[in-house]
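The values are calculated or read from the model by the stated rules, or taken from the named source; none is laboratory data. Note that the coordinates shown come from a computational prediction; the quantities given were computed from them, not determined experimentally. Here the Cβ is made from the backbone with ideal geometry for all residues, glycine too, and neighbour counts use every protein chain on show. With ligands, DNA and RNA removed, areas are computed over all heavy atoms of the protein, side chains included. Shrake-Rupley method; radii C 1.70, N 1.55, O 1.52, S 1.80 Å.
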Amino acid sequence: MKIATWNINSINARLDHVIEWCLTNQPDVLCLQETKCVDEKFPHQRLRSSGYDYVAFHGEKAYNGVALISKYPIRELQKNLPGDPVDAPRRLIAGTVGDIRIVNTYVPHGTALGTAKFAFKLEWLQRLRRYFDENFDFDDDVLLCGDLNVAPHELDVWKPSLWKDKVHFTKPEREAILNVKKWGFVDVFRQINDDAREYSWWDYFHHSFEKDRGLRIDHIWASPPLAETCTDCWIDKEPRELEHPSDHAPVVAEFDA
């Protein structure tokens, strides 16, 4: 099964990018973040006409939003973390495709160290870890993916000395994301690519993409039994070269599952 994750930074602004990418790359499941679209206006019909008969989405106007686009049925759909109020930001959607439980997340940005939004990010990551503790067993086929908004390691940052006190790479964020990973997840990109310095996000300024000044903040993590079946994982930079692209690139993993 080929599973991809992509922060699309507005599904309506980049629907053609998504459809063209899917037609070329044929993922079985595409997990989207930052769809920035209310459910009533989500373009599910065009996605279904492109060969993805099963579309699940959880969105809001102008901000956040997550979606699952699949060739196969999506079972046991869940939206947001347990206990979230009805009006909580749309940051998580989960569903079972085949035998794999896919949890697609858009982790809060955090804005800046020491702010209320930064504290909310750390709290949200604690809740995410508790969600896995309370709902899954270590030997389940579970996949966590999405824009996790944290670069866990120095290899994931183009210049660690510049980023050490900036959001995405601060010590508290890295400790919080490591706590989630310690549930038992395997970073399948690292499993396949060892110490490769590759990034999934580049800002729109100062020719950051052309200079490859990026961060790896988009991830696909798998439980140990699922990770054992992973045959490849890569970051597809081509969509970042398109006109008016998302600032993120898709991350793709293939599993013999």
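Remarks
- Considering residues of segment 94-106 that are of a type outside the set (D, E, K, R) and touching a residue at least 40 places away in the same chain (Cβ under 8 Å) only, the residue farthest from residue 34 (Cα to Cα): 98
- Selection status of residue 7, within 22 Å of residue 254 (Cα to Cα) and crowded, with 18+ Cβ neighbours inside 10 Å: yes
- Those residues of segment 15-34 which are open to solvent by 30 Å² or more (accessible area, probe 1.4 Å), of a type outside the set (D, E, K, R) and not in a loop (DSSP other than H, G, I, E, B), in sequence order: 17, 23, 24, 25
- Boolean, residue 114 is at pLDDT 95 or above and at positive phi: no
- Enumeration of residues in segment 182-211 that are within 13 Å of residue 233 (Cβ to Cβ) and either in contact (Cβ under 8 Å) with a residue 40 or more places away in the chain or aliphatic (A, V, I, L, M) (or both): 186, 188, 189, 191, 192, 193, 196, 200
- Any pair with Cβ under 7 angstrom, 6 or more apart, that starts in segment 35-61 at a residue that is surrounded by fewer than 16 Cβ atoms within 10 Å (Cβ to Cβ) and ends at one that is assigned to a helix (DSSP H, G or I): 46/15; 46/19; 50/19; 50/22; 50/23
- Segment 93-130, residues that are among the polar types (S, T, N, Q), open to solvent by 50 Å² or more (accessible area, probe 1.4 Å) and not in a loop (DSSP other than H, G, I, E, B): 126
- Answer residue from segment 149-177, given it is touching a strand residue (DSSP E or B) at 6+ places or on another chain (Cβ under 8 Å) and not in a loop (DSSP other than H, G, I, E, B) and is surrounded by the fewest Cβ atoms within 10 Å (Cβ to Cβ) among those: 163
- Residue check, residue 254 at pLDDT 95 or above and surrounded by fewer than 18 Cβ atoms within 10 Å (Cβ to Cβ): no
- Residue within segment 200-221 that is open to solvent by 10 Å² or more (accessible area, probe 1.4 Å) and over 29 Å from residue 16 (Cα atoms) present: no
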